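Notes to accompany the following structure.
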Amino acid sequence: MNPVDHARKLRERFGELFSEPIEFRGEISLQLIDSERIADVCTFAKQDLGFNYLVDISSLDNYGDDPRFTVVYHLYGLGHHCYLRIKTSVSEEKCEVPTVTGVWRTANWHEREIYDMMGIRFRGHPDLRRILMWEGYPYFPLRKDFPLAGKSSNVPEVAFTEPAPMAGGPFTTIAGGKDAVAREPRVRIPETDSLELNARVERRQDIKDAHGENFGPGPIEPKK
Amino acid sequence: MAETRDIEFRDTAGRAAAAAEALSPQETEELRDIAGEKMVLNMGPSHPSTHGVLRIVLELDGETITKAMPDVGYLHRGDEKIAENMTYTQFIPYTDRLDYLAPLANNVAYALAVEKLLGIDRQLPPRCQYIRVMCCELARISSHLLGLGSYAMDVGAMTVFLHTFTEREKIYNLCESLTGARFTTTYTRIGGLSRDLPPGWLDQCRKFCDEVLINIDESETLLTRNRIWMDRTQNIGVIPKDVAIDYGLTGPNLRGSGVEYDLRKAQPYLCYPELEFDVPVGSVGDCYDRYLVRMEEMRQSVRILRQCIARIPGGADNRTKEPINVPDGKIVLPPKDKVLTRMEELIHHFINVTQGVNAPPGEVYFAADNPKGELGFYINSKGGGTPHRLKIRAPSFVNLSILPHLLPGHMISDVPAILGSLDFVMGECDR
């Protein structure tokens, strides 16, 4: 059995719910169209396809696109030694997918981390609290509209933060700003910064030019 | 004349009494158990046996743990966010600070992940692969020695710690002559290494291999048949096979539970398929088994090191001028003398430093079997020199998630033994 066979079996079982498998560097990715079915898919993958080990769950923020978030599951079978990646997207308004803690208990902390960092909720999770940031922290720091320097927050008698100092850190700057401060990624506030948005639009265009129309999500418009 | 004033003390008892008075009768009813049989003990984040800044809130009934709530994140630095704002090469120093007891192994794992994205992970020159394997195995020995030393010290055997630290000092000396730094090595580059082996390094390494084996044997005579050690670790913290897999444990913790899963064998990378070594597994899955597995892994690492020393292409002084970097100026920085004299190399150097390697759009997951377990990097690229998202699958984070399941039912004095046997590092867990 190889990952292609597993992907085929998943598509046989769930039919139109999956898009065509994509192969890149020998890894198979499947996109699940309806994120509500992720727990069913994972149960099937574990029980019938032998994916007994959940390696990791991670999340992507496709800021400016709809649906905004993608949750990425990495599955592995200790019996057949195959990896499989299942991705599913969820919109910013909904921001909720069913939990897979009932399938693998290791999902518990992974899902808490995604909730903490990206703000995606997992329905049915037994203990959905922040894990790396403290309880009461108001932001989701891995979202693309959260600035690199951080935002100030203050929870009296628990913790406080201030934006990071401007010294150190070899960050890549965006060309086009009139001075070094405007190009510095830590001072940019992604939602309002036209320089950043224009750079993103330009980068999209570059990718399109290099890889054709069909690659990646659609264009984004600079916000007014 | 100096001004004097009274120090204001917080009246803790007074505040507690006021809080209790403010409670409604119903709330008092709910809180009855706190004043009754169960006691809540806050262990950490500054506690010698939590190996860094792990905090565990333990609910105790007498000396028996009834509930354990680990609290992580005290060392969170936002590495994943930082990675999105710098080039792939610039992130290498940050990987030193993940599992800071095995920085060389992190460097290798990260470089391989980016190389997989670039599609050059199978084209690395053999000499580079051998040096990287030696780095990984030295890191494994160093990490296990520290894990063993502190584990034994937490359980009460002070001498082992002194023994293992003698050997770790030698590894740090090897690191220093290899990379220029003892701790934050930043040795690998995307597509190769920052420098070749210094003269005489292989001989020092060979000498170290002989010495560390003697030291491991000595440590073993102090522990393996030691009555106290056995009583403190045998049948303590038992993780059955299926539970270990369900919680996603990896590395020695998974193998201690009897699952023969080692990425060096299952998903071979570098030149591991050419090398002979065994993967030790436990049978019971208790703290003692995890200790035995680590002991044997160190011996196997020495075995791998010796094979590498004997077989490395180019030998100790690389007389045959074996390359250590991939021959692609768009990925690896060109040699300095050419940068300063030739146009093409100068352009490559400039682009590489300012924009980074031009990665294709796509996504890869690469994991290496590090001392603590499976260290994986999931890179999502939209093209260009910076990742769109870099997720670090940290073994310590996943290994710790078993604590709420594992600790209840044990005595409070078993906690240091269990934590020591799980061998985690908070720098990696909190990222």
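Checked against (1) open to solvent by 20 Å² or more (accessible area, probe 1.4 Å); (2) at pLDDT 90 or above, B:VAL364 passes all but a single condition, namely (1). Restricted to the stretch B:218-277, the set of helices (runs of 4 or more DSSP H) holding at least 3 residues that are under 22 Å from the mean Cα position of the chain (by Cα) comprises B:241-246, B:252-256, B:263-266. Residues in the stretch A:1-57 that are under 28 Å from B:VAL243 (Cβ atoms), surrounded by fewer than 16 Cβ atoms within 10 Å (Cβ to Cβ) and among the aliphatic types (A, V, I, L, M): A:MET1 alone.
In this entry, B:THR95 is excluded by the filter for residues that are in contact with a strand residue (DSSP E or B) (Cβ under 7 Å, 6 or more places away or on another chain) and among the β-branched types (Val, Ile, Thr).
Looking only at the stretch B:336-356, decide whether some residue is in contact with a strand residue (DSSP E or B) (Cβ under 9 Å, 6 or more places away or on another chain) and within 11 Å of chain A (Cβ to nearest Cβ). Yes. Kindly indicate whether B:THR185 is open to solvent by less than 50 Å² (accessible area, probe 1.4 Å), closer than 21 Å to B:LEU145 by Cα and in a loop (DSSP other than H, G, I, E, B). Spelling it out, B:THR185 is indeed open to solvent by less than 50 Å² (accessible area, probe 1.4 Å), closer than 21 Å to B:LEU145 by Cα and in a loop (DSSP other than H, G, I, E, B). Helices (runs of 4 or more DSSP H) fully within the stretch B:342-423 that include at least 2 residues being of a type in the set (D, E, K, R): B:343-354. Taking the stretch B:248-281 as the range and being touching a residue at least 24 places away in the same chain (Cβ under 8 Å), surrounded by fewer than 24 Cβ atoms within 10 Å (Cβ to Cβ) and of a type in the set (Gly, Ala, Ser) as the test, only B:GLY258 passes. Restricting B:VAL357, B:VAL415 to residues that are touching a residue at least 60 places away in the same chain (Cβ under 8 Å), under 22 Å from the mean Cα position of the chain (by Cα) and open to solvent by less than 10 Å² (accessible area, probe 1.4 Å) narrows the list to B:VAL415.
Residues of the stretch A:69-96 being among the basic types (Lys, Arg) and either open to solvent by 10 Å² or more (accessible area, probe 1.4 Å) or over 26 Å from A:LYS144 (Cβ atoms) (or both), which ones? A:LYS87, A:LYS94, listed by residue number. Here the stretch A:171-186 is the region considered, the condition is being within 14 Å of another protein chain (Cβ to nearest Cβ) and modelled with pLDDT of 70 or more, and the residue that is nearest to B:VAL353 (Cα to Cα) is A:THR172.
The values are calculated or read from the model by the stated rules, or taken from the named source; none is laboratory data. Bear in mind that the values here come from a model prediction, so they are computed numbers and not experimental data. Methodologically, a virtual Cβ is constructed for each residue, glycine included, from the backbone with ideal geometry; neighbour enumeration extends over all protein chains shown. The protein model used for the area step is the full one, side chains on, heavy atoms only, and it has no ligands, DNA or RNA in it. Shrake-Rupley method; radii C 1.70, N 1.55, O 1.52, S 1.80 Å.
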